[in-house]
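Novice: First the structure, then my questions, so here it is.
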Amino acid sequence: MADRQTGADDHPRRFIGCCGAYCRTCRPFLDGFCKGCKLGYATGERDIARAKCPIKVCCYGKHHLETCAECPDYAACTILSGFYAKKGHKYKKYREAIEFIREHGYAEFLAVADTWKGAYGTYRNKTA
């Protein structure tokens, strides 16, 4: 991907976490308490080898994918399935985001997600 090769961190996909979290509507990110899931790695400000998130290390670091939606091993991934199996509504919503991206693509996801008032929202009235 061009932005990965040039080191630019401003492509809208860069604000979607490997797991499906969306930085641009996340309160800690907006308040400046979080650096985002992938920002700074392409420019060298952060070192992916030091990342603590196993999803990010696998997806972004090892496989050079923007999100797990692009992974051919998505359905069989034990790292991701373990993450999505955690208790809490947000994990279900992150899985829903990745599955929406797999079905409809990044542009459609971003069109929907940029209307959310919180870290996740609904996909109603959106079709491919």
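All of the numbers you see were taken from the coordinates with simple rules; none came from a lab. Keep in mind that what you see is a predicted model, and the values were worked out from it rather than measured. Heads up, the Cβs are rebuilt from the backbone with ideal geometry, glycines too, and the neighbour counts pull from every protein chain shown.
Novice: Rank the residues L30, L110 as a footprinting-exposure proxy: fewest other Cβ atoms within 10 Å of their Cβ go first. Can you show the working numbers first?
Specialist: Working: L30 12, L110 17.
By the 10 Å Cβ count, ascending, the order reads L30, L110.
Novice: Positive end of the charge dipole of the chain (Lys, Arg +1 and Asp, Glu -1 on Cβ, about the Cα centre): tell me which of F100, C34, V112 has its Cα farthest that way.
Specialist: About the Cα centre, the residue reaching furthest to the positive side is C34.
Novice: How many percent of the alpha carbon pairs in the chain exceed a separation of 26 Å? All intermediate terms of the calculation are to be shown ahead of the outcome.
Specialist: Working: 1315 of 8128 pairs.
Percentage above 26 Å: 16.
Novice: Measure up K38/K90; K62/K117; K62/K86; K90/K117; K52/K86; K87/K117 against 21 Å on the Cα-Cα distance and list the ones that go over.
Specialist: Numbers: K38/K90 19 Å; K62/K117 32 Å; K62/K86 24 Å; K90/K117 14 Å; K52/K86 17 Å; K87/K117 23 Å.
Too far apart for the 21 Å limit: K62/K117; K62/K86; K87/K117.
Novice: Going by how many other beta carbons lie within 10 Å of each one, how would you line up R27, R102, R13, fewest first? It would help to have the intermediate numbers written out before the result.
Specialist: Details: R27 10, R102 15, R13 18.
The most exposed by this proxy come first: R27, R102, R13.
Novice: For the chain, which cysteines have no second Cys with its Cβ under 4.7 Å from theirs?
Specialist: When partners are defined as cysteine Cβ atoms under 4.7 Å apart, the chain leaves C19, C23, C26, C34, C37, C53, C58, C68, C71, C77 without one.
Novice: Is it possible to state the helix-based mean residue ellipticity at 222 nm for the chain, with each DSSP H run of 4+ residues giving -39500 (n - 2.57), the sum divided by total residues, to the nearest 500 deg cm²/dmol? What is it? Walk me through the intermediate numbers first.
Specialist: Values: 5 runs with 40 residues, N = 128.
My calculation for the chain gives -8500 deg cm²/dmol from helical runs alone.
Novice: So, in nm, how far is label E108 from label A76 when the simple model puts each one 7 Å beyond its Cα toward the Cβ?
Specialist: Result for the modelled spin labels: 2.7 nm.
Novice: What size of dipole, in debye to the nearest 20, comes out for the chain about its Cα centre when the only charges are +1 on Lys and Arg C-beta atoms and -1 on Asp and Glu C-beta atoms? All intermediate terms of the calculation are to be shown ahead of the outcome.
Specialist: Working: 22 positive and 14 negative charges, 121 e Å.
Dipole magnitude for the chain comes out near 580 debye.
Novice: Go ahead and set up a Gaussian network model of the chain, Cα springs under 10 Å, then flag whichever of G32, G40, G105 fluctuates most.
Specialist: Among G32, G40, G105, the largest mean-square fluctuation in the Gaussian network model of the chain belongs to G32.
Novice: Taking the Cβ of each residue in Y120, Y94 as the centre, tally the other Cβ atoms inside 10 Å and list the residues starting with the fewest.
Specialist: Details: Y120 18, Y94 25.
Fewest to most other Cβ atoms nearby, the residues stand as Y120, Y94.
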